[in-house]
Each structure stands twice: as structure tokens, then as C-alpha cells.
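The values are calculated or read from the model by the stated rules, or taken from the named source; none is laboratory data. Note that the structure is a prediction, hence the values are computed from the model and not measured. Counting neighbours? That spans all protein chains shown, and the Cβs are built from the backbone with ideal geometry, glycine included. Side chains included, ligands, DNA and RNA excluded: accessible areas come from the protein's heavy atoms. Shrake-Rupley method; radii C 1.70, N 1.55, O 1.52, S 1.80 Å.
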Amino acid sequence: MSDVRYPFTAIVGMADLRLGLLLNAVSPAVGGVLVRGEKGTAKSTMVRALAGLLPSIATVDGCRFACDPAAPDPQCPDGPHVSPPFSERPSQLVELPVGVAEDRIVGSLDLERALAEGVKAYEPGLLARAHRGVLYIDEVNLLQDHVVDLLLDAAAMGRSYVEREGVSVRHAARFLLVGTMNPEEGELRPQLLDRFGLTVEIAATRDPVERAEVVRRRLAYDVDPAGFAARFAEEERALAERITTARELLPKVELPDVALRQITAVCAAFEVDGLRADIVMARTAVALAAWDGRTEVLEEDVRKAARLALPHRRRRNPFDAPGLDEEQLERTLEEQAQGDDPEPDPEPEGDGPGPDGDGPGNGDGPDGGGPDGGGAPDPSDGGTPEATAPDGTGGAESAEGGDAPAQQPVPAQHPAQHPAPARESSPVAAGDPYRTRLFTVRGTGHGAQGRRSPAETTGGHTVRARRPQGALGRLHLTATLQAAAPHQAARGRSGRALVLRKDDFREQVCQGRESNLVLFVVDASGSMAARQRMTAVKGAVLSLLMDAYQRRDKIGMITFRGSGAELALPPTSSVEVGAARLESLPTGGRTPLAAGLLRAHEVLRVERLRDPNRRPLLVVVTDGRATGGRDALAQSHRAAALFAAQGAASVVLDCESGPVRLGLAHTLAGLLGGTAVSLDELRAEGVASLVRANRSENRSESRSTTTMRKAA
């Protein structure tokens, strides 16, 4: 790999990403940028190229924290710095690995020396290296949440804190924070998304000419990196000078009241939470003006700032895609541009129809929204159901004969329109999601931190102490002192300091919660295809997906119908993709339950090899029926026994309905070694109401008995 960076100006397209990065280079107070996009779109290349454009910085000689000699940090662990010698060096780009530990980020204390010698032996972390430079996090969505929180806190406060066992170290940590992610691999929580100043959505261009130019430039760079960089050296130099000029102009830029009102009105109109969006938009608009060489913020700056700062702040749940309604944005800006009062004054109303430009618009509006606008939808709305009713009815009839789908004939008038998938029903929408019961895996695991099952974790409630396994983690001070105290006389202790040996140290064992692999096995056969039932089933699975998102789980989905089972969603952290696959899930055909269970068994076997510490939770969504093939039900029972033999945790969501119930789902749950839950019992509030109802009935019966006894 070449040490010569790919030039920033050589990257083709991606204007929004280019602008977002440059604005943060001009004003790091904007709060960084999150880059969301599909794989192979040069996200990392552009971020690394930005570092070469940043102005060089002056640092105190010998300071590990890159203190500015003009304004050194008074709390610098290497200070104090009084009239220190200094030198110039390029701004640094610090990359954060996905599997990084917390101590590597904030730095670590040598606790042995701190306790035995009373000195603060501190080893700086990546935040210290990134001070006054760029901190780049590739695949930020794969980091543990507490690590992302720590990084965003440091970026917001401009300072890093290390607090361990009563020993504190703090130092300046101001940096340009850039994160890249592929949404297919999982989303960041909305709370964390909000902490990034700007967000940019990118995708590879579909223009063959542009794609050809991208390939041509990349091949030229691979052959001769230095020569390729030299071709763009002049453009790189001009861009670096423009960044420096914009930084110098930034303090002189004014934010007029009109622009500020537009910013706050836009944030209020889009109902973003809190006031961080208003502040970020204001800083971005000021940076845009400085970038364009102006000293006053204009309406166009506010418009561009909104497109960069608001889309990721409008998400209300993980299934919402980031976005911005352009019409609403323009309407809000226009209202504010007309003055403080969005309602027109009486005098302008009396003068005539309004501004010249409004006349034609007002004339067209009533015509377009009147009879023509109202008449056009009515025939189409009325005609569409009539036109599609025969097809829709045929599909519904074959689906709702769920218990015996093979006996439902296709309407005779359309024999040629229904070849192979004659019994397949079109997808139905899912019901509204709700809060579900908590299902956990038995025992104590050692998986990644999450919010589902009990596990030994790096944080949480301390349950015991143990000898360190490898490097000393979180020191258990009491246990360490207890281990060392009996040996102080034998070790010749004479002063106040303890005489410690390596064998004395104990570390904390903490119990928290882990994330799991939740594998859904969904029955999509004809027996589930009644539209009301499938709507409820999809709503239940969607609710469980939401629960998995909130508990930081990985999810996978297997569907079975017809003649086999399909891995609809390989295990992933992207709950969005799972919700989309569920929404488009068709139904119909026979019920190969055994095939679904065997496919799930194979998926879990492979996942155990990939991540042995992540424990699985199997969620089977079915009514328990099994058709298709000889001894279909017996085969499904034998497949279920495989999970029981391995002790895998499982839940069967019983979807059986109607007055006559066979209880097949409960039988399946017993063979799996798991529990069966009906759709009604899945709701968390439903369970609570059942308990309250039982208590109320018991109290009523008790009062009735007492009354009868008194009467007797």
C-alpha cells in the first residue's frame, strides 16, 4: 500500500460529502460528519484525503497532547508549559479500529505504580493523538454503544476524562470527528445520530461516463501514486489555501436575525427534538458563508445547512429512513422571508391579489385544486378497487382457506393468469408495533454488551473479584488490599505505602447484559395467509424486531412455505432490512415446518463458528401445523428435538386462531425445550393487564365470600 494519499480533488462526484467535510475543516465546531452509504463508494478514501488539506499546526516540543504553544492547556498532564519551545507539524489523521477497547481510546493509568508509588503514570490514548486533527471511525455503527457515547462526549466537550479508582487525568481533545457506515450492517441509535453535526447520504453514480472516469483515475493512481498526486498538486494547494482563508474569515461572519429566525422556524417545522439542531444549523450556515467568502449568512446558506443537519434528526424509530421534505423546507423559508408575522397584513390584502408573482400562482391553484383536482382522484379511487377486485378476491379466497389451501380452486375465468404460485397471496401490511415481553437466554453469557440476557461484561454491577486474566482490567481495590494485607510484615513494610506484588491484584467481575442473535423462523404458508391473521402476525414480528433493535441484538429471518425454507435475511445488525423483508413477505402454499427448523439449525451452527460468544434465541412464528410430504408433522418434531439436545433457547409464537384449537404450537415448544406464547400474551401491557385482572377477580371473590359469611 502506497504512503501517498489519494488526492481529495481527484475524487469524482459526491458533492454533498465533499461540502460536509470541507465545512467541518473550516469550522470543527459544526460537530463532525457522519457518512452513510453503500460499500465501495470511496467514503474512506475521501476522509483520508481530507487530512492532507488541513493547515499544519504548532505544538509544544515534547508534549504528548499536541498543546498549542499560544494557548497551552492548563490541565495538560505534561504541563505546565511556560514559554515552551515549539515546532510545526501536519495535522494528524487518527483512525479508530472497530474492536478498540475503552482504555485504548482515553488512555490508561498504570494502577500498580499509582497504588505502590503514588504517581500518576498515564499513557495517552487515541483521543490525545487526535487533538487538533481528525479522528476517523470507519464502520462507526459496529462500535459498542458505550464507546460511541464516549467519543461523542469528548467531541462535544473538547476534553477527555480518565477516572479510575480515585485517580483522575484530563486533557484537551478537540478534533474533527468523521464516521462512515454502511446502513445494511446496522444503524446507530437516534440518540447517537443526533450527536453528529452533519450527515451525508452517498451512493455510487449510475452514469457510465462518471463510473468510467472513477475507474480510470483509480487505475492511474495504482500504477504511479506519486505521479498521479502530482497531477492534482496545484488544485490541492488551492483548496488548502481556501480552507485557511475561510478559517480566518469565520469570526467575522454575521448571522442576521432574519437568518436566525429561518433556522429556528425550520427546526420547529420539522419537529426535531431539542435545540442541538438549531445550533448546528447556525454554525453550518456561518461556515458556508465563510467558505463562499462572505461575511453575512444568506437564505441559501440556511437551505444548504438544513439539508445537511436535519435529515438524520427526523427519525422517530429505526424503520424510518433519513430524509427531508423539500416542499416543507421551501414553504417554511418563504414564510419567514415575508416577515415576522406569517399572516399577511390587512393593508396588503386590500391592495389587490398580492405580489405580481403570486397572481398566476393564485389563479392556477384553485383551478388545479378545484374540480379538476377533485374530479380526477374520484374515478381512479373508485375504479381501482373495482378493477382489482376479481384478482384481489381470488387471492384472498385462496389465502383465507389457510387450513386447506390446496382445496381452494383458482377462479375459472382466469386460468392462464395463475401458473405455478396459484395459492400465493400478495403481501399484507404489518400491524402497528408495540412493546413486547422480554425473552432472555438462560444462564450467564460472555457476549458483546447489550440489553437482553445476563452476562459477564466490562461494565455493570460488580458481583465478585478474581485474579486478572491477562492485562489488569478494572481493579477491585478492596479485594486487592485484602490479598496484600496479611503479607505486609513479611515483606518488610516500613512506611505508609503498601508493599504490593503482582499476585495481590484482583479485578472486578461485572454482570450486565449481552446482546444475542435472535433468529426468526416465520411460517408463510397458506395456513397463515388469512389477511387479518397475517397482519397481526407481521405486527408481532415487527414488534419483536423493534425489541431486538433496542436491545442491540443481531437478527436473522428464515421463512418457510410451499416446498422448502429460505434464508430471507442472513444474520445482521440492520433491523431496517429485516423490517423491509417482513413487509414484502408473500404467503401461500403448504407448510414445510421441518424444512424451516432444519434451515435454522444450520444457520445457528455456522454462526456459532463465526461468533461463539453470541448466544442464540430462536423465535418460531407458526400455528404448529406441518403439511407437505409423508409424516410431515413427525419430521418437524424430530427437527425440533435437535434444538432441545443443544439446549438452545427458543420461543414459539402461537398464531393459531379460531374456536377450535389443536395446540400444535404448544407441543412444538415442548419439543424445542422452550416456551409458547400466544399473540395476545406477547404484549407487555397485555401481560400486566392479565395480572391486574386476576388480582382484581381474586379481591372481588374474597369480598363476596366475606359478605356471604357475614350475611350467614
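Just name the residue that is nearest to residue 206 (Cα to Cα) out of those in region 1-43 that are at pLDDT 85 or above and of a type in the set (Ser, Thr, Tyr). If we take residues in region 1-43 being at pLDDT 85 or above and of a type in the set (Ser, Thr, Tyr), then 9 is nearest to residue 206 (Cα to Cα).
Do we have residue 561 as basic (Lys, Arg) and farther than 17 Å from residue 651 by Cβ here?
Working: basic (Lys, Arg): yes; farther than 17 Å from residue 651 by Cβ: yes.
Spelling it out, residue 561 is indeed basic (Lys, Arg) and farther than 17 Å from residue 651 by Cβ.
Would you point out the residue of region 436-460, among those that are among the polar types (S, T, N, Q) and touching a residue at least 60 places away in the same chain (Cβ under 8 Å), that is nearest to residue 675 (Cα to Cα)? Let's see the steps before the verdict.
Taking region 436-460 and keeping what is among the polar types (S, T, N, Q), we get 436, 440, 444, 449, 453, 457-458.
In the following step, the residues that additionally are touching a residue at least 60 places away in the same chain (Cβ under 8 Å) were identified as 436, 440, 444, 449, 453, 458.
Details: 436: 15, 440: 11, 444: 19, 449: 25, 453: 16, 458: 31 Å.
Selected residue: 440.
Residue 492: closer than 27 Å to residue 613 by Cα, surrounded by fewer than 22 Cβ atoms within 10 Å (Cβ to Cβ) and not polar (S, T, N, Q), yes or no? Before the answer, list the steps.
Numbers: closer than 27 Å to residue 613 by Cα: no; surrounded by fewer than 22 Cβ atoms within 10 Å (Cβ to Cβ): yes; not polar (S, T, N, Q): yes.
In short, no.
For the criterion of being over 20 Å from residue 648 (Cβ atoms), in contact with a strand residue (DSSP E or B) (Cβ under 7 Å, 6 or more places away or on another chain) and surrounded by fewer than 17 Cβ atoms within 10 Å (Cβ to Cβ), residue 458 passes. Every condition in (1) open to solvent by 40 Å² or more (accessible area, probe 1.4 Å); (2) at pLDDT 85 or above is met by residue 101 except one, and the failing one is (2). Each residue in region 78-95 was checked for being over 16 Å from residue 174 (Cβ atoms) and either buried (at least 17 other Cβ atoms within 10 Å of the Cβ) or of a type in the set (Val, Ile, Thr) (or both), and 4 pass. The one condition from (1) open to solvent by 50 Å² or more (accessible area, probe 1.4 Å); (2) not in a helix (DSSP H, G or I) that residue 205 does not meet is (1). Residues in region 222-271 that are more than 26 Å from residue 296 (Cα to Cα) and in contact with a Lys or Arg (Cβ under 9 Å, 6 or more places away or on another chain): 225, 228, 229, 271.
Entry remark, region 286-309: residues being outside any loop (DSSP other than H, G, I, E, B) and under 18 Å from residue 245 (Cβ atoms) number 8 in total.
If you go through region 219-232, how many residues are within 18 Å of residue 52 (Cα to Cα) and open to solvent by 40 Å² or more (accessible area, probe 1.4 Å)? Break it down into steps so the answer makes sense when it comes.
Of region 219-232, the ones within 18 Å of residue 52 (Cα to Cα) are 221, 225-232.
Cutting the leftovers down to open to solvent by 40 Å² or more (accessible area, probe 1.4 Å) gives us 226, 230-231.
Qualifying residue count for the region: 3.
Of all the numbered requirements in (1) under 30 Å from residue 141 (Cα atoms); (2) touching a Gly at 6+ places or on another chain (Cβ under 8 Å), residue 656 misses one, and that requirement is (1).
Tell me which residues, restricted to region 277-311, are under 31 Å from the mean Cα position of the chain (by Cα) and hydroxyl-bearing (Ser, Thr, Tyr). Across region 277-311, the qualifying residue is only 284. The single condition among (1) without any contact (Cβ under 8 Å) to a residue 24 or more places away in the chain; (2) surrounded by fewer than 16 Cβ atoms within 10 Å (Cβ to Cβ); (3) touching a helix residue (DSSP H, G or I) at 6+ places or on another chain (Cβ under 8 Å) that residue 484 does not satisfy is (2).
Residue pairs whose Cβ atoms lie under 9 Å apart, separated by 6 or more positions or on different chains, with the first residue in region 616-637 and closer than 21 Å to residue 540 by Cβ and the second part of a helix (DSSP H, G or I) and among the charged types (D, E, K, R), are 616/607; 616/608; 623/533. If you go through region 543-577 and keep only what is assigned to a strand (DSSP E or B), open to solvent by 10 Å² or more (accessible area, probe 1.4 Å) and over 26 Å from residue 182 (Cβ atoms), you end up with 561, 564, 565.
Yes or no, residue by residue, for (1) assigned to a loop (DSSP other than H, G, I, E, B); (2) at pLDDT below 90; (3) closer than 21 Å to residue 439 by Cα:
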residue: 629; (1), (2), (3): yes, yes, no
residue: 635; (1), (2), (3): no, no, no
residue: 641; (1), (2), (3): no, no, yes
residue: 650; (1), (2), (3): no, no, yes
residue: 653; (1), (2), (3): no, no, yes
residue: 658; (1), (2), (3): yes, yes, no
residue: 662; (1), (2), (3): yes, yes, no
residue: 665; (1), (2), (3): no, no, yes
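Checking the conditions here, which among 200, 215 is over 30 Å from residue 74 (Cα atoms), open to solvent by 50 Å² or more (accessible area, probe 1.4 Å) and among the β-branched types (Val, Ile, Thr)? Being over 30 Å from residue 74 (Cα atoms), open to solvent by 50 Å² or more (accessible area, probe 1.4 Å) and among the β-branched types (Val, Ile, Thr) holds for just one of 200, 215, which is 215. Looking for something surrounded by 24 or more Cβ atoms within 10 Å (Cβ to Cβ) and either touching a residue at least 24 places away in the same chain (Cβ under 8 Å) or not in a helix (DSSP H, G or I) (or both) - is there at least one such residue anywhere in region 599-608? There is at least one residue in region 599-608 that is surrounded by 24 or more Cβ atoms within 10 Å (Cβ to Cβ) and either touching a residue at least 24 places away in the same chain (Cβ under 8 Å) or not in a helix (DSSP H, G or I) (or both).
Being part of a helix (DSSP H, G or I), within 22 Å of residue 453 (Cβ to Cβ) and either open to solvent by less than 50 Å² (accessible area, probe 1.4 Å) or out of contact with any helix residue (DSSP H, G or I) (no Cβ under 8 Å at 6 or more places or on another chain) (or both) holds for only one residue in 540, 580, 594, and it is 540. Just name the residue that is nearest to the chain's Cα centre (by Cα) out of those in region 238-263 that are open to solvent by less than 60 Å² (accessible area, probe 1.4 Å) and among the polar types (S, T, N, Q). Checking each candidate, the answer is 262. Residues that are free of Cβ contacts under 8 Å to residues at least 60 places away in the same chain and in contact with a strand residue (DSSP E or B) (Cβ under 9 Å, 6 or more places away or on another chain) within region 170-191 comprise just one, 173. Applying the selection to region 264-287, what residues are of a type in the set (S, T, N, Q) and either surrounded by fewer than 24 Cβ atoms within 10 Å (Cβ to Cβ) or free of Cβ contacts under 8 Å to residues at least 40 places away in the same chain (or both)? Across region 264-287, the qualifying residue is only 264. Taking the criterion of being more than 24 Å from residue 675 (Cα to Cα), open to solvent by 60 Å² or more (accessible area, probe 1.4 Å) and not small (Gly, Ala, Ser), the residues of region 425-435 that qualify are 427, 432.
Could you go through region 60-78 and let me know if any residue there is touching a Pro at 6+ places or on another chain (Cβ under 6 Å) and aromatic (Phe, Trp, Tyr). Scanning region 60-78 turns up no residue that is touching a Pro at 6+ places or on another chain (Cβ under 6 Å) and aromatic (Phe, Trp, Tyr).
Answer with yes or no whether residue 463 is of a type in the set (A, V, I, L, M, F, W, C), within 30 Å of residue 675 (Cα to Cα) and open to solvent by 60 Å² or more (accessible area, probe 1.4 Å). Before you say what the answer is, go through the steps one by one.
Numbers: of a type in the set (A, V, I, L, M, F, W, C): yes; within 30 Å of residue 675 (Cα to Cα): yes; open to solvent by 60 Å² or more (accessible area, probe 1.4 Å): yes.
Here the answer is yes, as residue 463 does meet what is asked.
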